[in-house]
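Notes for the one structure printed next.
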Amino acid sequence: MKRRTLLKNMSLLPLAGGVAGTLLSTETKAAPAPKRDVLAELGLRTFINAAGTYTAMTASLMPAEVMEAFQQSASEFVMLDEVQDKVGAKIAAICHAEAAMVTAGCWSAIVLGTAGVLTGADAKKIATLPYPEANGLKSEVIIQKSHSVGYDHAVTNTGAKTILVETKEELEKAINDKTAMLWFLNKEAASGKIDHTTFLQVGRQHNIPVMIDIAADVPPVENLWKYNDMGFDLVCISGGKAMCGPQSTGILMGKKELVAAARLNGPPGGGNIGRGMKVNKEEIIAMYVALDNYVKRDHAKEWKMWEDQLAVIDNAVKNISGVTTGIVVPPVANHVPSLEISWNDNKIKLTKEEMGLKLRNGKPSIETVSWEKDNTIRVTVFMLKPGQDKIVANRIREELILASV
Ligand SMILES: *Cc1c(COP(=O)(O)O)cnc(C)c1O
(Lines give C-alpha, C1' and ligand atoms only; values in the text may rest on other atoms or scores of the structure.)
Protein backbone atom coordinates (compact mmCIF):
# COMPACT_ATOMS: atom_id res chain seq x y z
CA MET A 1 0.00 0.00 0.00
CA LYS A 2 2.71 2.39 1.02
CA ARG A 3 4.67 1.74 -2.15
CA ARG A 4 1.58 2.28 -4.26
CA THR A 5 0.85 5.61 -2.62
CA LEU A 6 4.41 6.68 -3.15
CA LEU A 7 4.31 5.74 -6.82
CA LYS A 8 1.03 7.56 -7.22
CA ASN A 9 2.49 10.70 -5.73
CA MET A 10 5.60 10.41 -7.83
CA SER A 11 3.57 10.02 -10.97
CA LEU A 12 1.89 13.27 -10.07
CA LEU A 13 5.15 15.10 -9.78
CA PRO A 14 6.00 15.70 -13.41
CA LEU A 15 2.45 16.87 -14.00
CA ALA A 16 2.62 19.27 -11.05
CA GLY A 17 5.95 20.49 -12.39
CA GLY A 18 4.39 20.99 -15.78
CA VAL A 19 1.55 23.08 -14.39
CA ALA A 20 4.00 25.20 -12.42
CA GLY A 21 6.05 25.66 -15.58
CA THR A 22 3.01 26.77 -17.50
CA LEU A 23 2.06 29.26 -14.84
CA LEU A 24 5.56 30.60 -14.84
CA SER A 25 5.67 31.05 -18.60
CA THR A 26 2.25 32.79 -18.48
CA GLU A 27 3.67 35.21 -15.95
CA THR A 28 6.66 35.87 -18.17
CA LYS A 29 4.33 36.40 -21.14
CA ALA A 30 2.45 39.06 -19.20
CA ALA A 31 5.52 41.28 -19.46
CA PRO A 32 5.14 43.63 -22.44
CA ALA A 33 6.43 41.67 -25.43
CA PRO A 34 7.13 43.49 -28.69
CA LYS A 35 4.05 43.34 -30.93
CA ARG A 36 4.48 41.12 -33.95
CA ASP A 37 4.80 43.17 -37.13
CA VAL A 38 3.90 40.60 -39.73
CA LEU A 39 4.17 43.01 -42.66
CA ALA A 40 7.78 43.79 -41.74
CA GLU A 41 8.44 40.13 -41.03
CA LEU A 42 7.35 39.28 -44.56
CA GLY A 43 9.34 42.16 -46.00
CA LEU A 44 6.25 43.70 -47.58
CA ARG A 45 6.37 47.22 -48.97
CA THR A 46 3.57 49.34 -47.53
CA PHE A 47 2.68 52.61 -49.21
CA ILE A 48 0.55 55.71 -49.18
CA ASN A 49 -2.30 55.06 -51.59
CA ALA A 50 -2.76 58.23 -53.64
CA ALA A 51 -3.98 56.14 -56.59
CA GLY A 52 -7.45 54.89 -55.64
CA THR A 53 -9.30 51.63 -55.00
CA TYR A 54 -7.21 49.41 -57.26
CA THR A 55 -7.58 45.67 -56.78
CA ALA A 56 -3.82 45.15 -57.25
CA MET A 57 -3.15 47.70 -54.48
CA THR A 58 -5.56 45.88 -52.13
CA ALA A 59 -8.27 48.44 -52.85
CA SER A 60 -9.25 50.01 -49.52
CA LEU A 61 -8.63 49.87 -45.78
CA MET A 62 -11.35 48.68 -43.42
CA PRO A 63 -12.32 51.23 -40.76
CA ALA A 64 -11.96 50.28 -37.07
CA GLU A 65 -15.70 49.60 -36.74
CA VAL A 66 -15.52 47.08 -39.60
CA MET A 67 -12.42 45.40 -38.16
CA GLU A 68 -14.14 45.12 -34.77
CA ALA A 69 -17.13 43.40 -36.39
CA PHE A 70 -14.70 41.09 -38.22
CA GLN A 71 -12.87 40.18 -35.03
CA GLN A 72 -15.95 39.81 -32.85
CA SER A 73 -17.72 37.52 -35.31
CA ALA A 74 -14.62 35.33 -35.53
CA SER A 75 -15.11 34.12 -31.96
CA GLU A 76 -18.32 32.10 -32.39
CA PHE A 77 -19.76 29.44 -34.67
CA VAL A 78 -22.92 30.33 -36.56
CA MET A 79 -24.68 28.74 -39.54
CA LEU A 80 -23.40 30.26 -42.78
CA ASP A 81 -26.88 30.33 -44.34
CA GLU A 82 -28.30 32.11 -41.32
CA VAL A 83 -25.59 34.77 -41.60
CA GLN A 84 -26.58 35.33 -45.24
CA ASP A 85 -30.29 35.43 -44.28
CA LYS A 86 -29.85 38.02 -41.54
CA VAL A 87 -27.23 40.17 -43.25
CA GLY A 88 -29.08 39.90 -46.58
CA ALA A 89 -32.29 41.22 -44.99
CA LYS A 90 -30.44 44.21 -43.49
CA ILE A 91 -28.65 45.04 -46.75
CA ALA A 92 -31.86 44.67 -48.75
CA ALA A 93 -33.66 47.09 -46.42
CA ILE A 94 -30.88 49.71 -46.73
CA CYS A 95 -30.73 49.37 -50.53
CA HIS A 96 -34.47 49.12 -51.33
CA ALA A 97 -34.07 45.59 -52.69
CA GLU A 98 -36.30 42.57 -52.10
CA ALA A 99 -33.30 40.46 -51.11
CA ALA A 100 -29.51 40.56 -50.97
CA MET A 101 -26.49 38.37 -50.36
CA VAL A 102 -22.81 39.00 -49.76
CA THR A 103 -20.64 37.54 -52.51
CA ALA A 104 -16.90 37.15 -53.07
CA GLY A 105 -16.68 40.52 -54.83
CA CYS A 106 -18.77 42.14 -57.56
CA TRP A 107 -17.35 39.64 -60.03
CA SER A 108 -18.77 36.75 -58.05
CA ALA A 109 -22.09 38.61 -57.70
CA ILE A 110 -22.27 38.62 -61.51
CA VAL A 111 -21.35 34.92 -61.78
CA LEU A 112 -23.77 33.75 -59.07
CA GLY A 113 -26.55 36.09 -60.19
CA THR A 114 -26.26 34.89 -63.80
CA ALA A 115 -26.09 31.27 -62.64
CA GLY A 116 -29.27 31.77 -60.61
CA VAL A 117 -31.05 33.22 -63.64
CA LEU A 118 -30.02 30.19 -65.75
CA THR A 119 -30.92 27.50 -63.20
CA GLY A 120 -33.57 28.87 -60.88
CA ALA A 121 -33.82 26.77 -57.71
CA ASP A 122 -33.64 23.45 -59.58
CA ALA A 123 -30.81 21.33 -58.14
CA LYS A 124 -30.54 19.27 -61.34
CA LYS A 125 -30.08 22.38 -63.45
CA ILE A 126 -27.61 23.85 -60.94
CA ALA A 127 -25.44 20.74 -61.36
CA THR A 128 -25.27 21.23 -65.15
CA LEU A 129 -23.37 24.52 -65.17
CA PRO A 130 -21.11 25.51 -66.95
CA TYR A 131 -22.95 23.73 -69.77
CA PRO A 132 -26.35 25.43 -69.90
CA GLU A 133 -26.93 25.04 -73.65
CA ALA A 134 -26.07 21.33 -73.80
CA ASN A 135 -28.57 20.76 -70.99
CA GLY A 136 -31.42 22.65 -72.58
CA LEU A 137 -31.24 25.75 -70.38
CA LYS A 138 -31.51 29.27 -71.71
CA SER A 139 -27.93 30.20 -72.46
CA GLU A 140 -27.66 33.65 -74.03
CA VAL A 141 -27.04 36.99 -72.33
CA ILE A 142 -27.36 40.16 -74.37
CA ILE A 143 -24.90 43.00 -73.81
CA GLN A 144 -24.25 46.29 -75.57
CA LYS A 145 -21.02 46.12 -77.55
CA SER A 146 -19.49 49.11 -75.75
CA HIS A 147 -20.26 47.46 -72.40
CA SER A 148 -18.12 44.48 -73.27
CA VAL A 149 -14.85 45.65 -71.72
CA GLY A 150 -13.80 42.55 -69.78
CA TYR A 151 -16.18 42.35 -66.85
CA ASP A 152 -18.68 40.42 -69.00
CA HIS A 153 -16.27 37.50 -68.65
CA ALA A 154 -18.02 37.01 -65.29
CA VAL A 155 -21.24 36.34 -67.22
CA THR A 156 -19.57 33.76 -69.48
CA ASN A 157 -18.00 32.05 -66.44
CA THR A 158 -21.37 30.31 -66.07
CA GLY A 159 -21.19 28.86 -69.56
CA ALA A 160 -23.62 31.44 -70.91
CA LYS A 161 -22.82 33.01 -74.27
CA THR A 162 -22.82 36.78 -74.69
CA ILE A 163 -24.57 38.33 -77.67
CA LEU A 164 -23.37 41.82 -78.52
CA VAL A 165 -25.77 44.47 -79.86
CA GLU A 166 -25.59 48.19 -80.47
CA THR A 167 -29.08 49.56 -81.07
CA LYS A 168 -32.53 48.98 -79.58
CA GLU A 169 -33.57 47.34 -82.88
CA GLU A 170 -30.61 44.95 -82.71
CA LEU A 171 -31.46 44.19 -79.10
CA GLU A 172 -35.05 43.27 -79.91
CA LYS A 173 -33.96 41.20 -82.89
CA ALA A 174 -31.40 39.32 -80.79
CA ILE A 175 -34.01 38.17 -78.27
CA ASN A 176 -35.06 34.55 -78.79
CA ASP A 177 -36.03 31.43 -76.83
CA LYS A 178 -32.47 31.03 -75.58
CA THR A 179 -32.22 34.54 -74.13
CA ALA A 180 -31.70 34.23 -70.38
CA MET A 181 -30.77 37.76 -69.31
CA LEU A 182 -29.79 41.27 -70.37
CA TRP A 183 -26.64 42.73 -68.80
CA PHE A 184 -25.78 46.42 -68.38
CA LEU A 185 -22.43 47.93 -67.31
CA ASN A 186 -23.27 51.18 -65.56
CA LYS A 187 -19.88 52.82 -66.04
CA GLU A 188 -20.27 52.45 -69.82
CA ALA A 189 -23.84 53.82 -69.90
CA ALA A 190 -22.72 56.93 -71.80
CA SER A 191 -20.80 54.95 -74.43
CA GLY A 192 -23.79 52.79 -75.38
CA LYS A 193 -26.71 53.64 -77.66
CA ILE A 194 -29.36 52.09 -75.36
CA ASP A 195 -29.97 53.86 -72.05
CA HIS A 196 -30.97 52.29 -68.73
CA THR A 197 -34.69 52.91 -69.14
CA THR A 198 -34.96 51.55 -72.68
CA PHE A 199 -32.86 48.51 -71.79
CA LEU A 200 -35.14 47.81 -68.81
CA GLN A 201 -38.30 48.33 -70.86
CA VAL A 202 -37.19 45.81 -73.47
CA GLY A 203 -36.36 43.31 -70.72
CA ARG A 204 -39.73 43.77 -69.09
CA GLN A 205 -41.65 43.49 -72.38
CA HIS A 206 -40.04 40.10 -73.02
CA ASN A 207 -40.09 38.99 -69.39
CA ILE A 208 -36.28 38.70 -69.29
CA PRO A 209 -34.38 39.66 -66.13
CA VAL A 210 -31.94 42.57 -66.40
CA MET A 211 -28.72 42.74 -64.39
CA ILE A 212 -26.56 45.82 -63.81
CA ASP A 213 -22.91 46.04 -62.72
CA ILE A 214 -22.35 49.14 -60.54
CA ALA A 215 -19.09 47.82 -59.04
CA ALA A 216 -17.26 51.08 -58.33
CA ASP A 217 -20.22 53.43 -58.61
CA VAL A 218 -20.55 54.77 -55.09
CA PRO A 219 -20.18 57.63 -54.36
CA PRO A 220 -22.81 58.96 -54.76
CA VAL A 221 -24.37 56.94 -51.93
CA GLU A 222 -27.80 57.07 -53.63
CA ASN A 223 -26.54 54.64 -56.27
CA LEU A 224 -26.91 51.92 -53.61
CA TRP A 225 -30.68 52.08 -54.13
CA LYS A 226 -31.11 54.00 -57.39
CA TYR A 227 -30.91 50.96 -59.68
CA ASN A 228 -33.11 48.82 -57.44
CA ASP A 229 -35.67 51.65 -57.55
CA MET A 230 -35.36 51.82 -61.35
CA GLY A 231 -36.38 48.18 -61.57
CA PHE A 232 -33.20 46.25 -62.33
CA ASP A 233 -33.79 42.62 -61.35
CA LEU A 234 -30.23 42.14 -60.10
CA VAL A 235 -27.68 44.74 -59.00
CA CYS A 236 -23.99 43.87 -58.43
CA ILE A 237 -21.55 46.03 -56.48
CA SER A 238 -18.08 45.71 -54.92
CA GLY A 239 -17.78 45.84 -51.15
CA GLY A 240 -14.08 46.63 -50.90
CA LYS A 241 -13.92 49.78 -53.01
CA ALA A 242 -15.30 53.10 -51.68
CA MET A 243 -17.46 51.34 -49.07
CA CYS A 244 -14.27 50.01 -47.40
CA GLY A 245 -15.63 46.56 -46.65
CA PRO A 246 -13.38 43.49 -46.95
CA GLN A 247 -11.68 43.54 -50.36
CA SER A 248 -12.96 40.03 -51.02
CA THR A 249 -16.63 41.03 -50.76
CA GLY A 250 -19.41 42.32 -52.94
CA ILE A 251 -23.19 42.44 -52.88
CA LEU A 252 -25.79 40.84 -55.13
CA MET A 253 -29.22 42.31 -54.58
CA GLY A 254 -32.59 42.37 -56.30
CA LYS A 255 -35.55 40.07 -56.84
CA LYS A 256 -36.15 37.56 -54.07
CA GLU A 257 -36.35 34.40 -56.21
CA LEU A 258 -33.27 35.38 -58.20
CA VAL A 259 -31.13 36.04 -55.12
CA ALA A 260 -32.35 32.76 -53.61
CA ALA A 261 -31.38 30.92 -56.82
CA ALA A 262 -27.98 32.65 -56.84
CA ARG A 263 -27.36 31.45 -53.29
CA LEU A 264 -28.08 27.87 -54.33
CA ASN A 265 -25.28 28.15 -56.91
CA GLY A 266 -22.66 28.82 -54.24
CA PRO A 267 -21.53 27.78 -50.74
CA PRO A 268 -22.42 26.24 -48.39
CA GLY A 269 -23.88 23.88 -51.00
CA GLY A 270 -21.46 21.79 -53.04
CA GLY A 271 -21.56 20.46 -56.58
CA ASN A 272 -22.25 23.91 -57.98
CA ILE A 273 -20.37 26.44 -60.04
CA GLY A 274 -19.86 28.90 -57.19
CA ARG A 275 -18.51 26.55 -54.53
CA GLY A 276 -15.09 28.19 -54.78
CA MET A 277 -16.52 31.67 -54.21
CA LYS A 278 -16.72 31.30 -50.47
CA VAL A 279 -17.18 34.29 -48.22
CA ASN A 280 -16.63 33.62 -44.53
CA LYS A 281 -18.94 34.83 -41.77
CA GLU A 282 -16.48 37.50 -40.69
CA GLU A 283 -16.40 38.97 -44.20
CA ILE A 284 -20.18 38.81 -44.61
CA ILE A 285 -20.76 40.54 -41.29
CA ALA A 286 -17.96 43.06 -41.87
CA MET A 287 -19.49 43.89 -45.26
CA TYR A 288 -22.80 44.68 -43.61
CA VAL A 289 -21.12 46.92 -41.04
CA ALA A 290 -19.10 48.65 -43.80
CA LEU A 291 -22.28 49.35 -45.77
CA ASP A 292 -24.13 50.59 -42.70
CA ASN A 293 -21.15 52.77 -41.79
CA TYR A 294 -20.87 54.10 -45.35
CA VAL A 295 -24.54 55.03 -45.61
CA LYS A 296 -24.39 56.92 -42.30
CA ARG A 297 -21.31 58.98 -43.24
CA ASP A 298 -21.58 62.72 -43.85
CA HIS A 299 -20.90 62.53 -47.58
CA ALA A 300 -20.90 66.29 -48.22
CA LYS A 301 -18.36 66.80 -45.44
CA GLU A 302 -16.24 63.97 -46.79
CA TRP A 303 -16.26 65.51 -50.29
CA LYS A 304 -15.19 68.87 -48.85
CA MET A 305 -12.35 67.14 -46.98
CA TRP A 306 -11.12 65.56 -50.25
CA GLU A 307 -11.16 68.98 -51.92
CA ASP A 308 -9.19 70.47 -49.04
CA GLN A 309 -6.60 67.67 -49.21
CA LEU A 310 -6.28 68.11 -52.97
CA ALA A 311 -5.81 71.85 -52.43
CA VAL A 312 -2.85 71.11 -50.11
CA ILE A 313 -1.19 69.12 -52.92
CA ASP A 314 -2.20 71.60 -55.61
CA ASN A 315 -0.79 74.55 -53.67
CA ALA A 316 2.52 72.75 -53.21
CA VAL A 317 3.09 72.20 -56.95
CA LYS A 318 1.10 74.64 -59.05
CA ASN A 319 3.58 77.52 -58.83
CA ILE A 320 6.55 75.47 -60.00
CA SER A 321 7.55 76.73 -63.45
CA GLY A 322 6.12 74.48 -66.18
CA VAL A 323 3.50 72.81 -63.98
CA THR A 324 -0.23 72.91 -64.67
CA THR A 325 -2.91 71.31 -62.51
CA GLY A 326 -6.60 70.65 -62.68
CA ILE A 327 -9.31 68.83 -60.74
CA VAL A 328 -11.03 65.98 -62.56
CA VAL A 329 -14.09 64.04 -61.42
CA PRO A 330 -15.13 60.96 -63.40
CA PRO A 331 -18.90 61.23 -63.96
CA VAL A 332 -19.44 57.58 -63.02
CA ALA A 333 -17.23 54.91 -61.37
CA ASN A 334 -14.76 56.22 -58.81
CA HIS A 335 -16.76 59.43 -58.82
CA VAL A 336 -14.37 61.32 -56.55
CA PRO A 337 -12.23 64.41 -57.18
CA SER A 338 -8.65 63.81 -58.32
CA LEU A 339 -5.82 66.21 -59.07
CA GLU A 340 -4.16 65.95 -62.45
CA ILE A 341 -0.60 67.29 -62.36
CA SER A 342 1.06 67.95 -65.74
CA TRP A 343 4.45 69.42 -66.57
CA ASN A 344 6.14 70.86 -69.62
CA ASP A 345 9.05 68.61 -70.55
CA ASN A 346 11.14 71.57 -71.68
CA LYS A 347 11.16 72.77 -68.09
CA ILE A 348 10.96 69.55 -66.13
CA LYS A 349 12.96 66.59 -67.40
CA LEU A 350 10.93 63.67 -66.15
CA THR A 351 8.60 61.18 -67.79
CA LYS A 352 5.40 60.17 -66.03
CA GLU A 353 6.84 56.66 -65.58
CA GLU A 354 9.99 58.07 -63.93
CA MET A 355 7.85 60.22 -61.64
CA GLY A 356 5.76 57.21 -60.65
CA LEU A 357 8.89 55.19 -59.87
CA LYS A 358 10.51 57.98 -57.85
CA LEU A 359 7.39 58.29 -55.72
CA ARG A 360 7.13 54.51 -55.35
CA ASN A 361 10.80 54.09 -54.42
CA GLY A 362 10.92 57.09 -52.08
CA LYS A 363 10.40 57.12 -48.35
CA PRO A 364 7.58 56.72 -47.60
CA SER A 365 6.54 54.89 -50.74
CA ILE A 366 3.65 56.53 -52.57
CA GLU A 367 1.47 55.04 -55.33
CA THR A 368 -0.10 57.31 -57.93
CA VAL A 369 -1.50 56.61 -61.39
CA SER A 370 -0.71 57.98 -64.82
CA TRP A 371 -3.17 58.01 -67.67
CA GLU A 372 -2.85 58.26 -71.41
CA LYS A 373 -1.52 61.84 -71.26
CA ASP A 374 2.27 62.30 -71.29
CA ASN A 375 4.01 64.11 -68.40
CA THR A 376 0.95 63.78 -66.24
CA ILE A 377 0.12 61.94 -63.05
CA ARG A 378 -3.16 61.70 -61.21
CA VAL A 379 -3.49 61.92 -57.44
CA THR A 380 -6.56 60.73 -55.56
CA VAL A 381 -7.03 61.35 -51.86
CA PHE A 382 -10.04 59.25 -50.81
CA MET A 383 -7.79 56.38 -49.69
CA LEU A 384 -5.36 58.59 -47.71
CA LYS A 385 -4.99 58.43 -43.95
CA PRO A 386 -5.11 61.76 -42.06
CA GLY A 387 -1.98 63.84 -42.66
CA GLN A 388 -0.78 61.91 -45.70
CA ASP A 389 -1.89 64.71 -48.05
CA LYS A 390 1.03 66.83 -46.80
CA ILE A 391 3.54 64.02 -47.32
CA VAL A 392 2.27 63.45 -50.88
CA ALA A 393 2.39 67.21 -51.56
CA ASN A 394 6.00 67.51 -50.37
CA ARG A 395 7.24 64.46 -52.24
CA ILE A 396 5.72 65.46 -55.60
CA ARG A 397 6.99 69.02 -55.19
CA GLU A 398 10.45 67.71 -54.34
CA GLU A 399 10.67 65.53 -57.48
CA LEU A 400 9.33 68.28 -59.76
CA ILE A 401 11.90 70.75 -58.42
CA LEU A 402 14.76 68.23 -58.64
CA ALA A 403 13.95 67.61 -62.30
CA SER A 404 13.56 71.31 -63.16
CA VAL A 405 16.15 72.66 -65.59
C1 LIG B 1 -13.98 46.24 -59.71
C2 LIG B 1 -14.97 45.89 -60.74
C3 LIG B 1 -15.51 44.60 -60.85
C4 LIG B 1 -15.02 43.46 -60.00
O5 LIG B 1 -15.35 43.68 -58.68
P6 LIG B 1 -14.66 42.86 -57.49
O7 LIG B 1 -15.39 43.37 -56.29
O8 LIG B 1 -13.22 43.16 -57.51
O9 LIG B 1 -14.95 41.42 -57.77
C10 LIG B 1 -16.51 44.37 -61.76
N11 LIG B 1 -16.95 45.36 -62.57
C12 LIG B 1 -16.43 46.60 -62.54
C13 LIG B 1 -16.95 47.65 -63.46
C14 LIG B 1 -15.42 46.91 -61.62
O15 LIG B 1 -14.91 48.15 -61.56
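Which of the residues belonging to segment 148-203 are within 26 Å of the chain's Cα centre (by Cα), buried (at least 19 other Cβ atoms within 10 Å of the Cβ) and β-branched (Val, Ile, Thr)?
Answer for segment 148-203, where residues must be within 26 Å of the chain's Cα centre (by Cα), buried (at least 19 other Cβ atoms within 10 Å of the Cβ) and β-branched (Val, Ile, Thr): VAL155, THR158.
Among the residues of segment 272-281, is any part of a helix (DSSP H, G or I), of a type outside the set (S, T, N, Q) and in contact with a helix residue (DSSP H, G or I) (Cβ under 9 Å, 6 or more places away or on another chain)?
Taking segment 272-281 as the starting set, the residues that turn out to be part of a helix (DSSP H, G or I) are 281.
From what's left, of a type outside the set (S, T, N, Q): 281.
Filter once more, keeping what is in contact with a helix residue (DSSP H, G or I) (Cβ under 9 Å, 6 or more places away or on another chain): 281.
Within segment 272-281 (the criterion being part of a helix (DSSP H, G or I), of a type outside the set (S, T, N, Q) and in contact with a helix residue (DSSP H, G or I) (Cβ under 9 Å, 6 or more places away or on another chain)), the answer is yes, since at least one residue qualifies.
Among the residues that make up segment 315-328, is at least one of them open to solvent by 30 Å² or more (accessible area, probe 1.4 Å), part of a helix (DSSP H, G or I) and not aromatic (Phe, Trp, Tyr)?
Yes, segment 315-328 contains a residue that is open to solvent by 30 Å² or more (accessible area, probe 1.4 Å), part of a helix (DSSP H, G or I) and not aromatic (Phe, Trp, Tyr).
Would you check if there is a residue in segment 311-328 being among the aliphatic types (A, V, I, L, M) and within 16 Å of the ligand (Cβ to nearest atom)?
Taking segment 311-328 as the starting set, the residues that turn out to be among the aliphatic types (A, V, I, L, M) are 311-313, 316-317, 320, 323, 327-328.
Still in the list and also within 16 Å of the ligand (Cβ to nearest atom): none.
There is no residue in segment 311-328 that is among the aliphatic types (A, V, I, L, M) and within 16 Å of the ligand (Cβ to nearest atom).
Let me confirm something: among VAL259, VAL289, which residue is in the same structural domain as PRO130 (by TED's automatic domain parsing) and either within 30 Å of GLN205 (Cβ to Cβ) or assigned to a loop (DSSP other than H, G, I, E, B) (or both)? Outline the logic, then answer.
Working: VAL289 fails: either within 30 Å of GLN205 (Cβ to Cβ) or assigned to a loop (DSSP other than H, G, I, E, B) (or both).
Selected residue: VAL259, the only one of VAL259, VAL289 that is in the same structural domain as PRO130 (by TED's automatic domain parsing) and either within 30 Å of GLN205 (Cβ to Cβ) or assigned to a loop (DSSP other than H, G, I, E, B) (or both).
Only one of these is of a type in the set (Gly, Ala, Ser), closer than 21 Å to LEU112 by Cβ and either modelled with pLDDT of 95 or more or within 16 Å of the ligand (Cβ to nearest atom) (or both): ALA242, ALA215. Name it. Working first, answer last.
Numbers: ALA242 fails: closer than 21 Å to LEU112 by Cβ.
After ruling out the rest, the residue left standing is ALA215.
If you go through segment 52-64, how many residues are open to solvent by 80 Å² or more (accessible area, probe 1.4 Å) and either of a type in the set (Val, Ile, Thr) or under 14 Å from ILE284 (Cα atoms) (or both)?
2
Quick one: count up the residues across segment 229-246 that are open to solvent by 20 Å² or more (accessible area, probe 1.4 Å) and farther than 17 Å from ALA333 by Cβ. I'd like the intermediate steps shown before the answer.
In the first step, residues of segment 229-246 are kept if they are open to solvent by 20 Å² or more (accessible area, probe 1.4 Å); the result is 229-230, 233, 241.
Restricting the remaining residues to those that are farther than 17 Å from ALA333 by Cβ gives 229-230, 233.
Matching residues across segment 229-246 total 3.
Could you tell me which residue of segment 247-262 is farthest from the ligand (Cβ to nearest atom), considering only residues that are open to solvent by less than 10 Å² (accessible area, probe 1.4 Å) and within 19 Å of PRO63 (Cα to Cα)?
Taking segment 247-262 as the starting set, the residues that turn out to be open to solvent by less than 10 Å² (accessible area, probe 1.4 Å) are 249-254, 259, 261-262.
Those still in the list that are within 19 Å of PRO63 (Cα to Cα) too: 249-251.
Numbers: THR249: 7, GLY250: 4, ILE251: 9 Å.
The qualifying residue farthest from the ligand (Cβ to nearest atom) is ILE251.
Pairs please, first residue from segment 372-395 and open to solvent by less than 30 Å² (accessible area, probe 1.4 Å), second anywhere and small (Gly, Ala, Ser) and assigned to a helix (DSSP H, G or I), Cβ atoms under 8 Å, 6+ apart in sequence or on different chains.
Qualifying pairs under 8 Å: ILE377/GLY356; ALA393/ALA316.
Looking for whichever is under 30 Å from ASP314 (Cβ atoms) and either among the aliphatic types (A, V, I, L, M) or modelled with pLDDT under 95 (or both) here; the options are ALA104, ALA50, ALA74. Which one fits? Can you show your working first?
Details: ALA104 fails: under 30 Å from ASP314 (Cβ atoms); ALA74 fails: under 30 Å from ASP314 (Cβ atoms).
One residue alone meets the criteria, ALA50.
Within the group GLY276, GLY231, GLY270, which residue is without any contact (Cβ under 8 Å) to a residue 40 or more places away in the chain, over 30 Å from THR368 (Cα atoms) and within 16 Å of the ligand (Cβ to nearest atom)?
Details: GLY231 fails: within 16 Å of the ligand (Cβ to nearest atom); GLY270 fails: within 16 Å of the ligand (Cβ to nearest atom).
Being without any contact (Cβ under 8 Å) to a residue 40 or more places away in the chain, over 30 Å from THR368 (Cα atoms) and within 16 Å of the ligand (Cβ to nearest atom) holds for just one of GLY276, GLY231, GLY270, which is GLY276.
The values are calculated or read from the model by the stated rules, or taken from the named source; none is laboratory data. Small disclaimer: the values here were computed from a predicted structure and weren't measured. Here the Cβ is made from the backbone with ideal geometry for all residues, glycine too, and neighbour counts use every protein chain on show. Accessible surface areas use protein heavy atoms only, side chains included; no ligands, DNA or RNA. Shrake-Rupley method; radii C 1.70, N 1.55, O 1.52, S 1.80 Å.
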